[in-house]
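*Asks:* Right, I'll just put the structure down here and ask away after.
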Amino acid sequence: MNINKNKSNRYMPLLMAVSVVVGIIIGSFYANHFGGNRLNIINSGSNRLNNLLHIIDDQYVDKVDIDSLVDKAIPTILSELDPHSVYINAKDAQKVEDDLKGSFSGIGIEFTIRQDTIRVQNVIKNGPAERAGLLAGDKIVSIEGKPFVGKIVTNEEAMHRLKGQKDTKVKIGVLRYGSRQQKYFTVTRGEIPQKSISAAYMLNDATGYIRIKSFGENTYPEMLIALAKLSQNNFKDLVIDLRDNGGGYLTSAVQIANEFLPQNKLIVYTQGRKSPRKDYTSDGHGSYQSIPLVVLINENTASAAEILAGAMQDNDRATIIGRRSFGKGLVQQQLQFPDGSLIRLTIARYYTPSGRCIQKPYVEGSNESYAQDLLSRYQHGEYFSQDSIKHTGPAYHTGIGRIVYGGGGITPDIFVPEDTTNITSYYKEAMLSGLILQFAYTYTDDNRLKLNNFKEMMEMSDYLVKQNTVEKFASYANDHGLHRRNLMIKKSHNLLERFINSRIIYNMLDEEAWMQYVNLDDPDVNRALMVLKANAAFPKKPMRKPLRKAKKR
């Protein structure tokens, strides 16, 4: 016992020394890996996020895809700023760029997916697919020798396989109407234009009509071509349709506004905390400075489209007709990351010539109410009554003294309510279910040989009226889960016929023919024609109320 005790006493100093060394090593490890990082995170300011991601990558219990984590984190950060500062991952960035660039590289078809199969809806004229021999109505069933049918067929996957670099080839197998044998076509991909002006035609002998869908790189030259086309028909006044135009490039809107304004008229100006005020003014070289003009807007008219409408309104250059526009008055700068992803960061606000910012109110970090704004307007009755419009900003004055409002979009000079008179629950369900689109495509496909005989919109429209497409749709819909409701069908007959026939015309002709058809009885277009006929397109100076003389006593 004593021997063992002596041995223990002899080794005690050594054990204590070892323990101290081990303690120092462990303490240093934890200090470096946890204490030091913690101090870094607290003291490094803007580097905290980088440090956090480094710690997660280095020490988290499971393997983490840091890139995926960043893709989820950045939108959350930007959402704390405003509703329009956004992050676009590399996967989606190219599509966004194509939309604004005005072209992409592909085969040149419009398609729909039905029963897990790509159906060619339209073939772009003079495009690669047309040159290779593809026709509207073809069913694409194989790509590069491999079957492409079934659940694998999604819009995203189809775009991925059909798009590609210019001058590359893709082998496509199709089934054509009346044939059971698969036909093969080798298509050489090319630049496919995406037009931002979808229609330019004469509404009557005097009035031209131009519909601008968006503002991209090529919108201004497209506009000049459209105006030249109308000039050949000696148009004397003009309707510019900006309804459902979500905006795009500021420069394109400014260039178009310049065509209609005399020299030294302010079109728009931008200003931000780090962005000094920048004015955009007309140069006086516009070719259409005196033509009577009407601009159509609605609740989906936004951004650059509001710039154009606001410039025309504040300069008393045109009459604005429709419903209050969206209200986007924030300017984004696009910044690209090395991986191809990008952010659009709000750097300024834009102001119309009268000085109003038309950005509707928002709460930083809370986008829910902002996203629901259009629904709130509908529920509040704004789409049906001008008196229901809520002006959240101060009043401003145009050049001749008319009152306009900021803080919530462009309010039209002439309000046209949405017509819901003949809308029924049957019509709503037919619209929302997609059954009308499905029927229109099926009808088009089954009757393509007959419909090919009609090259003009009115000829095809007259033919379709005689075919009683509403009755055919009602039977089709009944077989596909939407039970026939005869009284409702009768009440909504004109709406159903208009929608069904418009889609068939779109499938067989083009977007301009479709616009010509839907504009035949469009209330906004009809009101524009009334204004132009009355020579009332140029706004009048408001009458001043006479001062009352004081009564003598």
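*Asks:* For LYS390, list the lysines whose Cα falls under 21 Å from its own Cα; do not include residues on the same chain fewer than 8 positions away.
*Replies:* Within reach: LYS328, LYS360.
*Asks:* Further question on the same structure: Any idea what the dipole of the chain comes to, in debye rounded to 20, about its Cα centre with Lys/Arg Cβ at +1 and Asp/Glu Cβ at -1?
*Replies:* 1340
*Asks:* How long are the three semi-axes of the equivalent ellipsoid of the stretch 316-380, in whole Å, if each is the root of 5 times an eigenvalue of the C-alpha gyration tensor, listed from largest down?
*Replies:* Semi-axes, largest first: 27, 19, 11 Å.
*Asks:* Over the stretch 154-301, what relative contact order in percent results from Cα pairs under 8 Å that are six or more residues apart?
*Replies:* Normalised by residue count, the contact order of the stretch 154-301 is 18 percent.
*Asks:* Something else about it: Please give, to one decimal in nm, the separation of the simple spin-label points placed at GLU364 and LEU69, each 7 Å out from Cα toward the Cβ.
*Replies:* 2.7
*Asks:* Express in whole angstrom the spacing between the alpha-carbon centres of the stretch 314-386 and the stretch 442-518.
*Replies:* The distance from the Cα centre of the stretch 314-386 to that of the stretch 442-518 comes to 36 Å.
*Asks:* Magnitude of the Cβ-charge dipole of the stretch 172-223, K/R +1 and D/E -1, about the Cα centre, nearest 20 debye?
*Replies:* I would put it at about 480 debye.
*Asks:* If you take every DSSP beta bridge fully contained in the stretch 279-349, what fraction is antiparallel? Give it as a percent rounded to 5.
*Replies:* Within the stretch 279-349, antiparallel bridges account for around 65 percent of the total.
*Asks:* With each run of n ≥ 4 DSSP H residues scored as -39500 (n - 2.57), what mean residue ellipticity at 222 nm is computed for the chain after dividing by its residue count and rounding to the nearest 500 deg cm²/dmol?
*Replies:* After summing the helix terms and dividing by the residues of the chain, the value is -12000 deg cm²/dmol.
*Asks:* What relative contact order, as a whole-number percentage, does the stretch 280-421 give when Cα pairs under 8 Å and 6 or more residues apart are counted?
*Replies:* 28
*Asks:* Given a 1.4 Å probe and every protein chain left where it sits, what share in percent of the accessible area of the stretch 166-249 is carbon and sulfur?
*Replies:* That fraction is 47 percent.
*Asks:* Just to be sure I follow: if Rg is taken over the C-alpha atoms of the stretch 126-167 and Rh is the Kirkwood radius over the same atoms, what is Rg/Rh?
*Replies:* Using Cα coordinates only, the ratio equals 0.97.
*Asks:* Considering only the chain, what is the antiparallel percent among its DSSP beta bridges, to the nearest 5?
*Replies:* In the chain, approximately 75 percent of DSSP beta bridges are antiparallel ones.
*Asks:* Something else about it: Pull up all non-local amide H partners of GLY208: gap of 5 or more, or a different chain, and H-to-H distance under 5 Å with H placed in the peptide plane.
*Replies:* Hits under the 5 Å cutoff: LEU203, LYS236, ASP237, LEU238, VAL239.
*Asks:* Regarding the stretch 421-484, what's the average projected area of the Cα-atom convex hull, expressed in nm²?
*Replies:* It is 5.0 nm².
*Asks:* Now for a separate question. Rounded to two decimals, what is Rg over Rh for the stretch 171-295 when you use alpha-carbon atoms and the Kirkwood radius?
*Replies:* Rg divided by Rh gives 1.17.
*Asks:* Let me ask you something else. So what are the ³J(HN,Hα) numbers for the stretch 506-521, from phi and the Karplus equation (6.51, -1.76, 1.60; θ = phi - 60°), rounded to whole Hz, Gly and Pro as x?
*Replies:* 4, 4, 8, 10, 7, 5, 5, 4, 4, 5, 4, 5, 5, 7, 4, 10
*Asks:* If the cut-off is a Cα-Cα distance under 18 Å, which aspartates and glutamates reach LYS541, setting aside same-chain residues fewer than 8 apart in sequence?
*Replies:* Cα-Cα hits under 18 Å: ASP314, ASP316, ASP413.
*Asks:* Check which residues have an amide H placed less than 5 Å from SER142's amide H, if you skip close sequence neighbours.
*Replies:* Those lying under 5 Å, H to H, from SER142 are PHE148, GLY173.
*Asks:* Quick check: at a probe of 1.4 Å, how many percent of the accessible area of the stretch 414-535 sits on carbon and sulfur atoms?
*Replies:* C and S atoms contribute 51 percent here.
*Asks:* Next up: Choose one of ASN507, SER385, SER282: the residue whose Cα lies farthest towards the positive end of the charge dipole of the chain (beta-carbon charges +1 Lys, Arg; -1 Asp, Glu; about the Cα centre).
*Replies:* SER385
*Asks:* Here's something else I'd like to know. Bins of 20 Å, beginning at zero and ending with the bin holding the largest distance: percent of Cα pairs per bin for the chain, please.
*Replies:* 16, 43, 27, 8, 4, 2, 0
*Asks:* Of LYS213/LYS466; LYS95/LYS125; LYS171/LYS450; LYS163/LYS213, which ones are farther than 28 Å apart at the Cα?
*Replies:* Distance filter (> 28 Å) returns LYS213/LYS466; LYS171/LYS450.
*Asks:* May I ask you to derive the relative contact order of the chain, considering only C-alpha pairs under 8 Å and at least 6 residues apart, and to give it as an integer percent?
*Replies:* This gives 11 percent for the chain.
*Asks:* Any idea what Rg and Dmax come out to for the stretch 228-305 if you just take the C-alpha atoms, in Å?
*Replies:* Reported Rg and Dmax, both Å: 14.3, 48.
*Asks:* May I ask you to give the solvent-accessible area per residue for the chain, in square angstrom, as obtained with a 1.4 angstrom probe?
*Replies:* Per-residue accessible area for the chain comes out at 56 Å².
*Asks:* Separate question: When you count, for each residue, the other Cβ atoms within 10 Å and take the mean per peptide, how do 468-478, 500-510 rank with the highest first?
*Replies:* Highest to lowest by the protection proxy: 500-510, 468-478.
*Asks:* If amide hydrogens are placed 1.01 Å from N in the peptide plane, which non-local residues have theirs closer than 5 Å to the one on ARG349?
*Replies:* GLN271, GLY272, VAL331
*Asks:* Quick one: what are the phi-derived ³J(HN,Hα) couplings along the stretch 488-494, Karplus 6.51/-1.76/1.60 with θ = phi - 60°, whole Hz, x for glycine and proline?
*Replies:* 5, 4, 5, 5, 9, 4, 5
*Asks:* Karplus couplings for the stretch 279-288 from phi (6.51 cos²θ - 1.76 cosθ + 1.60, θ = phi - 60°), rounded to Hz, Gly and Pro as x?
*Replies:* These are the phi-based 3J(HN,Hα) values: 9, 10, 10, 6, 9, x, 9, x, 8, 10 Hz.
The values are calculated or read from the model by the stated rules, or taken from the named source; none is laboratory data. Note that the structure is predicted; figures quoted are calculated from it, not measured. Every residue, glycine among them, receives a Cβ derived from its backbone with ideal geometry; neighbour counts consider all protein chains shown. Ligands, DNA and RNA are stripped out before the accessible areas are found, and what is left, the full protein with its side chains, is counted by its heavy atoms. Shrake-Rupley method; radii C 1.70, N 1.55, O 1.52, S 1.80 Å.
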